[in-house]
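Novice: Take a look at the following structure, please.
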Amino acid sequence: MNPYIDEDLAALGEHVRRFAQGRVAPGFQERDRTRVLERELMREMGEMGLIAPELPEQYGGQGMGSLAAGVIHEEIARADLSLSYINLLASLNGQILAHHAKPEIAKPWLERLTQGRALLAIALTEPRGGSDAANLRLKMERVGDHYVLNGEKTSISAADQADAAVVFARTGSVEDGARGVSAVLVPMDLPGITRNRFDCHGQRAIGRGSIFFENVRVPVDHRLGDEGKGFVQVMQGFDFSRALIGLQVLAVAKVSMEETWEYVAQREAFGKPLSAFQGVSHPLAEYETQVEAARLLCLQTLWLKDRGLPHTAQAAMCKWWGPKLAYDVVHQCLLSFGHGGYDRGPMEQRLRDVLGFQIGDGTAQIMKTIIARTNAGRDAVPA
């Protein structure tokens, strides 16, 4: 019995799994090959209430808790990690807009978001820096009732597909560091915006790329939070997404182990099933233990969030441990399948997909620094 998943959440998970197995899983490998994200499928998820269900009903959400969002993220990621980025970006950006955008700006975008009719990106990373806010160079200068943006964002998930983006830009001087960074919601159809797409190793359906801003004019009322405080205020929403990421990648690890247990119990060598050999079964048993523990940590983090309790350190633990563990698990599962796992197929695609989360959305080194600062104090763990 899981202490965090009650009967209602368990029923929600079963409901989403049936949908994911019937509609998401069949196109898993095709989306990787074509790099096409089906908007129709996104709208289906919106109609079912599977996108940002934690948002208030006034914004098109279901008013459900963070744990409910986690259950949904798990099941979609189990079928296709790349496609589950739709849910992740919606929950992250949805929280940011709901808390920091003016209601008249937030409402129409969040309604489209939850209906699956809009995809929002988050544009933080630049060629010179991402997690290091002091290195952000994208300029945002106020001219009358508009901000004018000039510069580049890079390695942005859904860069070429997003309808709008939460963009972090510098309104103060470089010497101001994070205190000189503001956030603004930028519709991607504004004049002066160009985009490209990278040929990434994994997560190819959602994709990554660069966004270029050349004298892009954005209304001042699209600013998120206070001027010069966007990085400090808006980044608090990342605690939520980090726990969700942990659940997403661990769902991939879990389904990979389920398939591997079945395979090693049936495949024979020297007159015995492969599972009879401790060299095969013991590594899987160890990973089974670790995945269960890591999943409980992610659920605990969302449980804390639902109760308004501190969860920054726990979220950072989810983000550094989950992706690394998932990669190690899928790697072991691939090896257990031998040459069949090495062939182009679900296992090698999962390995490529989970690897991306060790890079994006905050590296392991950044996460460990957050954990250290939470425990020892910021002054004791300087940047």
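Novice: So which pairs qualify, if the first residue must be in the range 92-104 and within 14 Å of residue 165 (Cα to Cα), the second must be buried (at least 20 other Cβ atoms within 10 Å of the Cβ) and of a type in the set (S, T, N, Q), the Cβ gap must be under 7 Å, and the two must be at least 6 apart or on different chains?
Specialist: The qualifying pairs are 92/241.
Novice: Can you pull out the residues in the range 162-179 that are buried (at least 21 other Cβ atoms within 10 Å of the Cβ) and at pLDDT 95 or above?
Specialist: Once the filter is applied, which keeps residues that are buried (at least 21 other Cβ atoms within 10 Å of the Cβ) and at pLDDT 95 or above, the range 162-179 yields 162, 164, 165, 166, 167.
Novice: Having 2 or more residues that are under 26 Å from residue 62 (Cα atoms) is the bar; report the strands (runs of 3 or more DSSP E) wholly within the range 100-196 that clear it. Full working, then the answer.
Specialist: Details: elements: 120-123, 139-143, 146-157, 164-170, 181-187, 193-195.
Correct list: 120-123, 164-170, 181-187.
Novice: Any residue that is at pLDDT 95 or above, surrounded by fewer than 21 Cβ atoms within 10 Å (Cβ to Cβ) and under 24 Å from residue 122 (Cα atoms) - is there at least one of those in the range 358-365?
Specialist: No, the range 358-365 contains no residue that is at pLDDT 95 or above, surrounded by fewer than 21 Cβ atoms within 10 Å (Cβ to Cβ) and under 24 Å from residue 122 (Cα atoms).
Novice: How about the range 20-53: which of its residues are within 18 Å of residue 73 (Cα to Cα) and hydrophobic (A, V, I, L, M, F, W, C)?
Specialist: Answer for the range 20-53, where residues must be within 18 Å of residue 73 (Cα to Cα) and hydrophobic (A, V, I, L, M, F, W, C): 20, 24, 25, 28, 37, 41, 42, 45, 48, 50, 51, 52.
Novice: Pairs please, first residue from the range 261-289 and at negative phi, second anywhere and of a type in the set (D, E, K, R) and modelled with pLDDT of 95 or more, Cβ atoms under 8 Å, 6+ apart in sequence or on different chains.
Specialist: Every condition considered, the pairs that remain are 287/328.
Novice: Quick one: is residue 373 more than 22 Å from residue 124 (Cβ to Cβ), touching a helix residue (DSSP H, G or I) at 6+ places or on another chain (Cβ under 9 Å) and basic (Lys, Arg)?
Specialist: Spelling it out, it is not the case that residue 373 is more than 22 Å from residue 124 (Cβ to Cβ), touching a helix residue (DSSP H, G or I) at 6+ places or on another chain (Cβ under 9 Å) and basic (Lys, Arg).
Novice: Kindly indicate whether any position in the range 76-94 is of a type in the set (Asp, Glu) and surrounded by fewer than 19 Cβ atoms within 10 Å (Cβ to Cβ).
Specialist: Within the range 76-94, none of the residues are of a type in the set (Asp, Glu) and surrounded by fewer than 19 Cβ atoms within 10 Å (Cβ to Cβ).
Novice: Condition check: touching a Leu at 6+ places or on another chain (Cβ under 8 Å), aromatic (Phe, Trp, Tyr) and not in a helix (DSSP H, G or I). Does residue 238 satisfy that?
Specialist: Considered against the rule, which asks whether it is touching a Leu at 6+ places or on another chain (Cβ under 8 Å), aromatic (Phe, Trp, Tyr) and not in a helix (DSSP H, G or I), residue 238 comes out as no.
Novice: Considering only the range 219-232, I want to know if a residue exists there that is under 19 Å from the mean Cα position of the chain (by Cα) and at pLDDT below 95.
Specialist: Within the range 219-232, the first condition is being under 19 Å from the mean Cα position of the chain (by Cα), and the residues that meet it are 231.
Next cut, at pLDDT below 95 only: 231.
Yes, because at least one residue in the range 219-232 is under 19 Å from the mean Cα position of the chain (by Cα) and at pLDDT below 95.
Novice: Could we say that residue 63 is out of contact with any Gly (no Cβ under 7 Å at 6 or more places or on another chain), of a type in the set (Gly, Ala, Ser), within 20 Å of residue 308 (Cβ to Cβ) and touching a residue at least 24 places away in the same chain (Cβ under 8 Å) here?
Specialist: So residue 63 fails the test.
The values are calculated or read from the model by the stated rules, or taken from the named source; none is laboratory data. Quick caveat: nothing in here was measured; it's all calculated off a predicted structure. Using ideal geometry, Cβ is built from the backbone for each residue, glycine included, and neighbour counts are taken over all protein chains shown.
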